[in-house]
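The values are calculated or read from the model by the stated rules, or taken from the named source; none is laboratory data. Just so it is clear, the structure is predicted and the values come from calculations on it, not from any experiment. Counting neighbours? That spans all protein chains shown, and the Cβs are built from the backbone with ideal geometry, glycine included. Each accessible area value is taken on the protein alone, full model and side chains, heavy atoms only, with ligands, DNA and RNA left out. Shrake-Rupley method; radii C 1.70, N 1.55, O 1.52, S 1.80 Å.
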Amino acid sequence: MVRSEGPRWIVGKDLPTVSARLARHVAAAGRKAVRARGRFRLVLAGGETPRALHAALLRLPRGAVPWTRTWIYWGDDRLVGPKDPDSNYGMARETLLSHVPVPSRQVFRIRGERRPTRAAVRAYARTLEPLLASPEEGPAFDLLLLGMGPDGHTASLFPGSPLLREKAATVELVPMSPRPPHRPRATLTLPALRSSREICFLIAGGSKAPVLRTIEARLPQGSARQPASLLLGEDGGPPVRLYLDREAAGLLPRQRWKEGGRR
Ligand code: 6PG
């Protein structure tokens with residue numbers, strides 16, 4: 001998968017509007033994957049922003065997303081139980097998965113309640129191994145969803161983390177998140193995140209505007225100071241789309257405001 005150009009920037013007037021655009025894109029990606037390979041491997045994002053996407057997915061016409069042929073994974077999670085309010089899995093179950101017909105055998109959560117925490121990380125790496133072990137058969141995932149923090153972190157890859165240099169491991173432990181919620185985390189590494197046919201970020205709110213401006217200005221160079229930027233370069237990674245509300249896009253050059261504007 002050689003990306004020939006930079007990321008695509010899609011700006012909507014507000015989070016519900018841009019989430020609806022991303023939901024339609026997720027549905028189209030799902031139908032395309034099922035036509036081509038009989039299944040749709042979708043990686044969900046954590047944090048709060050995905051709630052808007054999940055609501056938009058539920059508003060799509062019946063049948064738009066091939067849920068019965070969808071396999072669900074996570075790019076990271078807090079190492080807590082599924083009922084803990086900090087659980088990314090718990091949030092997805094509440095806002096999406098309990099409302100769509102994805103068979104439970106096709107939902108692969110990070111078992112954050114396992115202890116010691118490294119056991120939870122090793123178990124998820126084993127879960128992903130069949131998908132990641134044979135890159136010659138193509139990327140592990142069809143669509144990988146991510147968010148981004150105001151410091152440019154994505155998944156649970158934080159600025160300056162040594163995990164950003166990891167080339168072999170697919171899932172790593174963050175013993176204690178430097179950003180709230182301050183919980184131990186399991187996160188996919190950059191090689192695992194890159195093993196997707198496409199990556200879509202959903203980013204909203206003015207707090208993200210300064211780091212997005214920094215990232216955009218430095219493209220195609222990325223920096224470990226803004227981990228999300230390491231997925232946006234032109235280094236042969238998968239195609240990337242950034243879905244932004246106007247607040248998050250507020251400091252970008254005006255040409256970015258053309259919806260879908262490319263660099
Ligand atoms: C997590 C996420 C993290 C999140 C960003 C944005 O588990 O917290 O993986 O990377 O996407 O922190 O979070 P918000 O959507 O809540 O702003």
So what's the back-of-envelope 222 nm ellipticity for the chain, counting only DSSP H runs of four-plus at -39500 (n - 2.57) apiece and dividing by all residues, rounded to 500? -8500 deg cm²/dmol
Counting only protein heavy atoms, what percent of the accessible surface of the range 5-48 is carbon or sulfur at a 1.4 Å probe? 51
About its Cα centre, what dipole magnitude does the chain give when the only charges are +1 on Lys and Arg Cβ and -1 on Asp and Glu Cβ, stated in debye to the nearest 20? 480
Residues meeting the amide H criterion for Gly205 (H placed from the backbone, H to H distance under 5 Å, 5 or more places apart or on another chain) are Asp245, Glu247, Ala248
Rounded to the nearest 5, what % of the DSSP beta bridges within the chain are antiparallel ones? 35
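How do Glu136, Glu5 stack up against each other in accessible area, from largest to smallest, with a 1.4 angstrom probe?
Accessible-area ranking of Glu136, Glu5, largest first: Glu136, Glu5.
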Share of accessible surface on carbon and sulfur in the range 61-188, whole %, 1.4 Å probe and ligands ignored, is 53
With Cα springs under 10 Å, the Gaussian network model of the chain assigns the largest mean-square fluctuation among Pro139, Pro184, Pro116 to Pro116
For the chain, convex hull of alpha carbons as volume per residue, Å³: 115
Mind checking the per residue accessible area of the chain for me, 1.4 Å probe, whole number of Å²? 44
Through the Karplus equation 6.51 cos²θ - 1.76 cosθ + 1.60, θ set to phi - 60°, convert the phi angles of the range 88-98 into ³J(HN,Hα) values in whole Hz; use x for Gly and Pro. 5, 4, x, 5, 5, 5, 5, 9, 9, 5, 6
Expressed as a rounded percentage, what relative contact order does the chain have, with Cα pairs under 8 Å and six or more residues apart? 28
Using only the Cα atoms, work out Rg/Rh for the range 124-186, with Rh taken as the Kirkwood radius, to two decimals. 0.99
